[in-house]
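Below is one structure, written out as structure tokens, with a few remarks after it.
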């Protein structure tokens, strides 16, 4: 069985230029693209064969979006953190979520999955402390074969690091057996909630197993106080007492930036390449030295700007990221620190905040091709081309819009798309050729 989709405009986000009056031919048995090109080249199609032909009028097709950092198991509580009171916000979030019954968590995850799909998100990197509950809901959704699940790891006790590590590995192994179609990794939560011994064990494990470690880094001021000033914020100490876990160990941490701390751990293990498995989340409060280290090792960065503003942390210095040629992608974080999963609106905001220094095309790449490379999945998702998954978004415009964009040059076209596309124009979302929305 095959599908032939005809669009007025296809944006592949790979080496190909935008294709006007284009087609996508799909093998529905494996949900992959057979061929993509101009409708003038559809001479090989045998209309007597087993084809479904979709003629999408006034249509634009983009690759499905990749949400490179999300926590599905939280909901809007509309409590915006006050400046310098983020620890209290974290405490309230954990206290509230602890009391949710399992069926409530399931419903929250299910609703968040539907919201992601409606916003054109066709692949997610989910980070969760609720491994089995989250995996159960994802395996029932279109994200079954289109997700990476990071099982969050916590533990500051140096004495118990081996026990915590083995427990995390055992949990991952059990979930891999139970949910064979899902992909898992381990996600050390942060450098203030994962001790140095445990973090080193995770770094070695990731290198051996070719796994990605998503790490919240340089998000809060108290991280810098801990590393640079050897100062344990009393509120942070009380926070860990509330969690009934050890406070962060301060030994050997003084006068280090966040990236220097990670580099020192890798140096102690005599393998600085261990850094290359990190995916750095947020990365707001950084120095030029941090950026130099990230550049040297080619580290991936994921920005969650709406979450950062919600938590009163400010935004990263994107201009400095560009200066150091650091490729970055975007995530939404959770609805506990965001209002929606609307990537298109987020890209618009960043475009204006950067005074257009990052092109519209580059911004679209931060939610398509760049995250696919960061997740080592560029052979499967992130662009529209042969042998990749048929994950794409169908936008329906007005006839006059189609006429207008045909008169635009390539870069003006991307700018027009960034400014004018919105989620209300999404007609359908396809994952592996199946219409989801």
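Throughout, read-outs are computed from the coordinates displayed, never taken from laboratory work. Treat the numbers as computed from the prediction; the structure is a model and nothing was measured. No Cβ is skipped: glycine too gets one built from the backbone with ideal geometry, and neighbour counts run over all protein chains shown.
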Original post:
Taking springs between alpha-carbon atoms closer than 10 angstrom, which of 270, 396, 158 fluctuates most in the Gaussian network model of the chain?
Top reply: 270
Subject >> FRET efficiency, residue 118 to residue 208 (Cβ-Cβ, R0 45 Å, nearest 0.05) >> reply: 0.70
Original post:
What are the extents of the Cα atoms of the chain along their three principal axes, listed from largest to smallest and rounded to whole Å?
Top reply: 70, 47, 43
Original post:
For residue 229 and residue 29, FRET efficiency with R0 = 51 Å and r from the beta-carbon atoms, rounded to 0.05?
Top reply: 0.30
Subject >> Spin-label proximity, residue 57 to region 391-415 - amide N less than 20 Å from point 7 Å beyond Cα toward beta carbon >> reply: 394-406
**OP:** Compare 367, 60, 293 in a GNM of the chain, Cα atoms joined below 10 Å, and give the one with the largest fluctuation.
**Re:** 293
**OP:** Describe numerically, in nm with one decimal, the distance between label points set 7 Å from Cα along Cα→Cβ at residue 20 and at residue 246.
**Re:** 6.5
**OP:** Please label the shape of region 314-437 as rounded, prolate or oblate, based on the square roots a ≥ b ≥ c of the eigenvalues of the alpha-carbon gyration tensor (a/c under 1.5 means rounded; beyond that, a/b larger than b/c means prolate, else oblate).
**Re:** rounded
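Using the count of nearby Cβ atoms within 10 Å as a rough guide to exposure, how do 105, 95 rank from fewest to most?
95, 105
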Original post:
Roughly speaking, what is the stretch gain from residue 407 to residue 238, that is 0.36 nm per residue apart minus the C-alpha to C-alpha distance, in nm to one decimal?
Top reply: 54.7 nm
Original post:
Percent antiparallel among DSSP beta bridges with both residues in region 1-152, to the nearest 5?
Top reply: 45
**OP:** Return the percentage of antiparallel bridges among DSSP beta bridges fully within the chain, rounded to the nearest 5 %.
**Re:** 45
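Would you compute, from DSSP H runs of 4+ residues alone, the mean residue ellipticity of the chain at 222 nm, taking -39500 (n - 2.57) per run and dividing by the full residue count, rounded to the nearest 500? Walk me through the intermediate numbers first.
Working: 16 runs with 162 residues, N = 437.
Rounded to the nearest 500, it is -11000 deg cm²/dmol.
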Original post:
Between residue 110 and residue 85, what length comes free when the chain is fully extended (0.36 nm per residue of separation minus the Cα-Cα distance, one decimal in nm)?
Top reply: 6.0 nm
Original post:
Points 7 angstrom from Cα along the Cβ direction at residue 427 and residue 339: gap in nanometres?
Top reply: 3.0
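Please list the equivalent ellipsoid semi-axes of region 261-316, computed as the square roots of five times the alpha-carbon gyration tensor eigenvalues, in descending order and whole angstrom.
25, 11, 10
Label region 1-113 by shape, choosing from rounded, prolate and oblate, from the square roots a ≥ b ≥ c of the eigenvalues of the Cα gyration tensor; if a/c is under 1.5 it is rounded, and otherwise prolate applies when a/b is larger than b/c, oblate when it is not.
Prolate.
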**OP:** Find the centroid of the Cα atoms in region 375-397 and in region 144-198, then give the distance between the two in whole Å.
**Re:** 29
Subject >> Distance between modelled label sites at residue 323 and residue 173, nm, 7 Å Cα→Cβ extension >> reply: 4.8
